[in-house]
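*Asks:* This structure is in structure tokens; I'll ask about it shortly.
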Amino acid sequence: MSMFCYQCQEAAGGKGCTVKGVCGKTSDLAETQDLLIFITKGISVYSIRARKLGVVNKDVDNFIMESLFSTITNANFDKKVFIQRIKLGLQLRDTIKKQYISAGGSLDIPRDASNWLEKVMSILGTKYTVEEALPEAATWFADTVDAFSEKASTVGVLSTKDEDIRSLRELLVYGIKGIAAYLAHAFNLGYSEENIHGFMQKGLAATLDNNLDANDLVALVLECGKFGVDAMALLDKANTTSYGNPEMTKVNIGVKNRPGILISGHDLKDMEELLKQTEGSGVDVYTHSEMLPANYYPAFKKYSHLVGNYGNAWWKQNEEFESFNGVILMTTNCIVPPKASYKDRLYTTGVTGFSGVKHIPEGKNGMPKDYSALIAKAKKCKAPKEIEKGEIIGGFAHNQVIALADKVVEAVKSGAIKRFFVMAGCDGRMKSRDYYTDFAKELPKDTVILTAGCAKYKYNKLDLGDIAGIPRVLDAGQCNDSYSLVVIALKLKEVFELDDINELPISYNIAWYEQKAVIVLLALLHLGVKNIHLGPTLPAFLSPNVAKILIDNFGIAGISNVDDDIKMFMTN
Ligand code: FSO
Ligand code: SF4
């Protein structure tokens with residue numbers, strides 16, 4: 001077996017992982033994930049036709065959403081989960097196909113006059129069978145793990161031979177994976193939008209269509225950005241309606257002396273249920289990595305046993321989970337292969353998984369998940385070891401910043417704030433990411449960093465001071481809260497009566513790692529933001545021609561060194 005994956009920033013050699021993922025994904029796991037993606041595309045072929053006849057199957061929508069989410073970098077390393085999903089997917093494909101036909105749908109594909117093979121076949125009087133005309137993903141079937149495995153090695157990224165078409169198809173799929181993640185969180189809070197599912201399925205099916213050329217795919221990629229904005233807006237609504245608007249908050253980064261549960265990932269519904277079930281249990285709850293912003297929500301702040309944030313971004317978890325001593329709950333990516341020293345204290349839930357790690361299943365009949373085993377385990381653990389102390393400040397999502405708008409506008413008008421730097425995105429283990437710490441340190445003192453996502457851990461513990469009471473690092477929240485940064489930018493554009501968002505004194509220096517950052521980028525492009533700098537390296541999945549399209553049309557660029565980049569940003 002030989003995998004090929006280039007979906008994240010750590011793709012081996014800047015090209016792609018071929019033997020084993022840098023993330024720890026094995027070749028057979030990677031290929032099983034490829035087969036699952038192939039199945040979601042096949043289901044989409046029928047589902048988009050069924051939608052046109054008014055048939056929407058929610059199980060299909062949710063299956064596709066969760067399947068895509070589970071293949072995001074560092075989300076799920078449990079091969080048996082993917083095998084089960086492939087089996088379920090094949091059943092669902094059959095169901096939606098039958099629903100489509102019973103609604104009056106036909107499987108006859110209109111002949112394509114521009115296809116030479118079809119012309120020859122029709123001259124010869126040979127008819128295509130339906131199976132031949134439909135993409136293979138819609139018709140292939142097997143029911144044994146061996147057959148899955150044989151097929152899996154033929155349906156991956158490299159099965160598209162043209163490198164530009166491959167690049168655009170993958171860019172589209174990664175953007176849709178990002179949408180799937182955000183939509184899944186909104187769904188957990190009871191929010192959903194049919195149009196977004198519809199687009200995801202249209203995009204997936206489009207990657208099977210050999211009649212689509214590069215221009216068609218570029219158009220779909222840009223449309224993906226629009227649905228990315230919609231998904232983030234929906235999640236913002238779900239989060240703020242459920243838990244209130246994030247507010248300026250000081251978060252403790254030290255430890256208390258009771259046993260603790262460390263909750264990581266992005267899912268706020270899991271956070272809520274865990275806080276409720278641990279209340280009065282004698283166990284403290286700490287956030288980790290992307291769960292830090294939970295501390296900013298009024299609904300969570302009321303729990304006195306939510307005592308702060310422990311540790312840093314995802315990639316330091318091997319050492320930090322060890323020193324935490326207590327139980328750890330991963331609600332989403334990023335999980336890394338666990339060390340034996342804490343594997344028995346680690347739990348996954350939702351789409352996250354790792355073979356040999358205990359998984360908390362969904363609650364039955366709409367009931368909350370049951371965290372009692374995890375809480376019982378936590379009670380027997382030692383209190384966390386202190387690795388740092390003090391406080392960090394955050395909670396600057398759109399509502400809070402807009403409440404401070406007068407102060408911010410005054411500071412810009414008086415020249416106290418010369419420029420904002422959007423430094424949202426992800427952190428990662430590459431040494432080259434020290435660039436972002438140095439960049440934050442070297443920025444002129446009259447600049448403010450707007451951040452979201454785990455990228456913040458590169459500079460959120462530096463003492464960068466404030467400008468007239470406005471902290472120089474404004475953390476809006478999780479990567480999906482990059483949406484907040486756009487709302488803030490649009491508000492400033494309105495206040496300053498500008499025609500174009502690009503006239504604002506805002507520069508974009510974004511760090512990316514996985515596919516949620518891809519949708520954040522496409523969303524920014526959709527909103528008209530130009531000249532975004534992306535690092536620490538440009539995506540391996542951008543072919544030279546596709547990269548050129550992004551550079552020529554949107555001014556996308558990489559990074560160089562801190563001094564030159566700061567000069568360039570400050571003079572533009
Ligand atoms: Fe980071 Fe991981 Fe939130 Fe990502 S924790 S890297 S873009 O999953 O989603 O920012
Ligand atoms: Fe490699 Fe990233 Fe794919 Fe993992 S997710 S296999 S590190 S490209």
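The values are calculated or read from the model by the stated rules, or taken from the named source; none is laboratory data. Quick caveat, the model's predicted, so the values are computed rather than measured. Note: ideal-geometry Cβ built from the backbone for every residue, glycine included; neighbour counts use all protein chains shown. Side chains included, ligands, DNA and RNA excluded: accessible areas come from the protein's heavy atoms. Shrake-Rupley method; radii C 1.70, N 1.55, O 1.52, S 1.80 Å.
*Asks:* Given a 1.4 angstrom probe, I'd like the percentage of the accessible area of the chain that is carbon and sulfur, rounded to a whole number.
*Replies:* Carbon-and-sulfur percentage of accessible area, whole number: 52.
*Asks:* Hey, how much of the P(r) for the chain falls beyond 47 Å, as a percent of Cα pairs?
*Replies:* That fraction is 12 percent.
*Asks:* If packing is taken as the average count of other Cβ atoms within 10 Å, what order do 175-186, 216-227, 8-19, 503-514 fall into, highest mean first?
*Replies:* Going from most to least packed, we get 175-186, 503-514, 216-227, 8-19.
*Asks:* I need the peptides 517-530, 249-262, 363-376 ranked by packing, meaning the mean over residues of other C-beta atoms within 10 angstrom, with the highest value on top.
*Replies:* Ranking the peptides 517-530, 249-262, 363-376 by packing returns 517-530, 249-262, 363-376.
*Asks:* While we're here: Just the accessible area for residue 269, please: 1.4 Å probe, Å², rounded to the nearest 10?
*Replies:* 60
*Asks:* In addition: Just to verify a number: FRET efficiency for residue 106 and residue 551, C-beta to C-beta distance, R0 = 41 Å, to 0.05? Write out the running numbers ahead of the final one.
*Replies:* Working: r = 44 Å, r/R0 = 1.07.
Efficiency, from the Cβ-Cβ distance: 0.40.
*Asks:* Once Rh is set to the Kirkwood radius over Cα pairs, what Stokes-Einstein translational diffusion coefficient, in µm²/s, holds for region 391-450 at a temperature of 10 °C and a viscosity of 1.306 mPa s? Could the numbers behind the result be given before it?
*Replies:* Values: Rh = 13.4 Å.
My calculation gives 118 µm²/s for D.
*Asks:* Here's something else I'd like to know. When you count, for each residue, the other Cβ atoms within 10 Å and take the mean per peptide, how do 90-99, 459-468 rank with the highest first? Write down the numbers at each step before the final one.
*Replies:* Working: 90-99: 18.6, 459-468: 14.5.
Packing order, densest peptide first, comes out as 90-99, 459-468.
*Asks:* Also, I was wondering about something else. Classify region 299-367: rounded, prolate or oblate, from the alpha-carbon gyration tensor (a ≥ b ≥ c, eigenvalue square roots; a/c under 1.5 rounded; otherwise prolate if a/b is larger than b/c)?
*Replies:* In terms of gyration-tensor shape, oblate.
*Asks:* Sticking with this structure for a sec: Can you give me the span-like helices of the chain, meaning DSSP H runs with 30 Å or more of Cα extent along the axis and Kyte-Doolittle mean at or above -0.5? All intermediate terms of the calculation are to be shown ahead of the outcome.
*Replies:* Details: long enough: 27-52 (38 Å, 0.14); 79-102 (35 Å, -0.39); 163-188 (37 Å, 0.33); 214-243 (43 Å, 0.49).
Flagged H segments are 27-52, 79-102, 163-188, 214-243.
*Asks:* If you average the sequence gap of Cα pairs under 8 Å that are 6 or more apart and divide by the length of the chain, what percent do you get for the contact order?
*Replies:* In percent, rounded to a whole number, it is 17.
*Asks:* Which one of 158, 192, 179 has its Cα pushed farthest toward the positive end of the charge dipole of region 12-241, where Lys and Arg give +1 and Asp and Glu give -1 at the Cβ?
*Replies:* Value: 192.
*Asks:* A follow-up question, please. What FRET efficiency would be calculated for the residue pair residue 142, residue 372, taking the C-beta separation as r and a Förster radius of 45 Å, to the nearest 0.05? Don't skip to the answer; put the middle values down first.
*Replies:* Values: r = 40 Å, r/R0 = 0.88.
Working from the Cβ atoms, E equals 0.70.
*Asks:* For the pairs 80/364; 389/516; 52/80; 302/458; 226/461, note any where the Cα-Cα span goes beyond 25 Å.
*Replies:* 389/516; 52/80; 302/458; 226/461
*Asks:* Here's a follow-up. Would you kindly compute the Cα radius of gyration of region 12-241 and its largest Cα-Cα separation (Dmax), both in Å?
*Replies:* According to the Cα coordinates of region 12-241, Rg and Dmax are 18.0, 63 Å.
*Asks:* Using just the helices of the chain, give the 222 nm mean residue ellipticity in deg cm²/dmol: DSSP H runs with n ≥ 4 each add -39,500 (n - 2.57), and the total is spread over all residues, rounded to 500.
*Replies:* -14000 deg cm²/dmol
*Asks:* Would you mind computing Rg(Cα) / (2.2 N^0.38 Å) for region 249-379, counting N as its residues?
*Replies:* Scaled against compact globular proteins, the figure is 0.95.
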